[in-house]
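Structure first, commentary second.
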Amino acid sequence: MPKKPKTGMWARSMSLAKLTASAGGRLAKHTVEGWFSEPIQHLEKGKKILEAQAKQLVGEANQLRGTLVKAGQILSMYGDSFFPKEVANHLKKLQNEVEPLPFETIESLLKKRLGLEKFHQLEIAPAPLGAASLGQVHQATIKNSGKKVALKVRYPGIERAIDTDLKLLRFFLNAGKFFPADIPKERWDGIFDEARHMLYQEVNYKQELQLLKKYREHLKEDTRFVIPEAIEDFCTPSVLCTSFETGVRIDSQEVHALSQNRRDKLSRSFAQLFLMEFYEWNLVQTDPHFGNYLIKIDPKGENDRWVLFDFGALRSFSEEFKSSYITLARGVLTEKPEEILRAGEEMGLVSKEDSPQARQGFVDLAYLSAEPVMTLKPYHWAGSDLPKRTASLSMKIIPQLKFRIPPKEMLSLNRKLGGIYVHLSELKSQIAIREELLKEPFRTILKL
């Protein structure tokens, strides 16, 4: 029987307070013991304490859901660069898939949120299609038409817990000495501001409904993609109803069995979708995990299509950020270090006062990160160890750049780019992304 999550403010606050007290107690004891221990033994024990605290945080986050899971996922993006591996490894275990709420709880929520009249117009499947950190999805049938729909139901109390959870989480991370001492407080402010922005947007289903319709309009004539249709009669600020769309997961045997040509075609569509999102529409889906996509396989083998979900994670970027990022991309693609450094300075990642070695390191890291788009030859995504090499170089370069954290908008974009890499690797793609960037309108936008 699934456990009901702690959604009340008091219960959530107490959970985080206990975590904080536990973290502080461990560290205090460790400090005292250090007076009587050998330095190496003390260091090794310190690592184990950090690991225990990270493990405890992940366990509690998966029960509390919502804020802790999302914030932990954001922090995990910086794991290899900023956190000890004992901490980073556990943060990366935070999953978007969580244990669902009992159907009795969901049924009660839907009666209140839809009203009894509309609730009784639906036949709802008790077993959820999926459960995430902020809500879960159930299939339903509209009785008078037989139309299949998907009901996305927000968990109770999540929206009221955001600010309190983030404050307490930050306090816990400080008490547990998770934050590297070299990174100034104001740089972490940006990360938590971004987490707050993402959370408030993702729990606002009224806004998600409008974003869904806007995104669907962009792709209405593109046969490569399927966007669910909003069923507004059954939508509320905390319930989102859309058409029910079928397909198979990207990591399924059916997709793995497709020919290289078909998988490359899907990969090219996926990459082109991001280019349209960022460079043309300025409306990017920034939560690209496997659960937010399905593939509708064409029996004739002519037009396999992507089915896209989760429009609460759509976001736009400021013109200032886009301009700097375009400068960075152009500098990399045309191999002009001066443009890479100018973009880095605009983003606050590098300074004119940095040493020549640090500035060159930033350029080298930019080139390495862009390896898949630097060549016109097909890139073998699954066979590359690029993430490992990038993490290794980052560990060397970031301290020289005084642990400057990227601007908060970069967090969402990095999550998207990382998701693209993972999806193309899963598809064992062999495509050249540079070819796409040399096509219009991207060639003109990037001034290539």
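The values are calculated or read from the model by the stated rules, or taken from the named source; none is laboratory data. Given the structure is predicted, the values throughout are model-derived calculations rather than measurements. Cβ placement follows ideal geometry from the backbone for every residue including glycine, while neighbour counts extend to all protein chains displayed. Side chains are part of the model used for accessible areas, which takes the heavy atoms of the whole protein and leaves out ligands, DNA and RNA. Shrake-Rupley method; radii C 1.70, N 1.55, O 1.52, S 1.80 Å.
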For this session: Using amide H atoms built 1.01 Å from N in the peptide plane, name the residues 5+ places from residue 130, or on other chains, whose amide H lies under 5 Å from its own.
Result: 137
Seminar exercise, completed: Expected field for residue 220, accessible surface area in Å² at 1.4 Å probe radius, rounded to 10, holds 130 Å²
Problem set entry | Residue-wise HN-Hα coupling along the stretch 130-141, computed from phi with Karplus coefficients 6.51, -1.76, 1.60 (Hz; x: Gly, Pro) | x, 9, 10, 6, 10, x, 9, 10, 10, 7, 8, 10
Seminar exercise, completed: Rounded to the nearest 10 Å², the accessible area of residue 188 using a 1.4 Å probe with every protein chain kept is 10 Å²
Problem set entry | Largest-first ordering by accessible area, 1.4 Å probe, given options 322, 352 | 352, 322
Problem set entry | Length added when fully stretched, residue 320-residue 402, from 0.36 nm per residue minus Cα-Cα | 27.2 nm
Exercise. Residue 279: accessible area at probe 1.4 Å, nearest 10 Å²?
Worked result: 20 Å²
Seminar exercise, completed: The answer for residue 429, listing residues at least 5 apart or on another chain whose modeled amide H is closer than 5 Å to its amide H, is 381, 382
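Taking the Cβ-Cβ separation of residue 185 and residue 164 as r and a Förster radius of 25 Å, what is the calculated FRET efficiency to the nearest 0.05?
Details: r = 20 Å, r/R0 = 0.79.
With a Förster radius of 25 Å, E is 0.80.
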For this session: Could I have the simple spin-label model distance between residue 197 and residue 221, label points 7 Å from Cα toward Cβ, reported in nm to one decimal?
Result: 3.2 nm
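For the stretch 151-284, what is the charge dipole size about the Cα centre, in debye to the nearest 20, if Lys and Arg each add +1 at the Cβ and Asp and Glu each add -1 at the Cβ? Intermediate values should be presented prior to the final figure.
Working: 20 positive and 22 negative charges, 53 e Å.
The dipole magnitude comes to about 260 debye.
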Exercise. At what distance in nm do the modelled label points of residue 280 and residue 103 sit from each other, each positioned 7 Å from its Cα along Cα→Cβ?
Worked result: 4.3 nm
Exercise. Is there a pair in 118/147; 152/220; 152/213 whose C-alpha atoms are over 21 Å apart, and which pairs would that be?
Worked result: 152/220
Exercise. With labels modelled as points extended 7 Å from the Cα through the Cβ direction, what inter-label distance (nm, one decimal) is found for residue 382 paired with residue 269?
Worked result: 1.9 nm
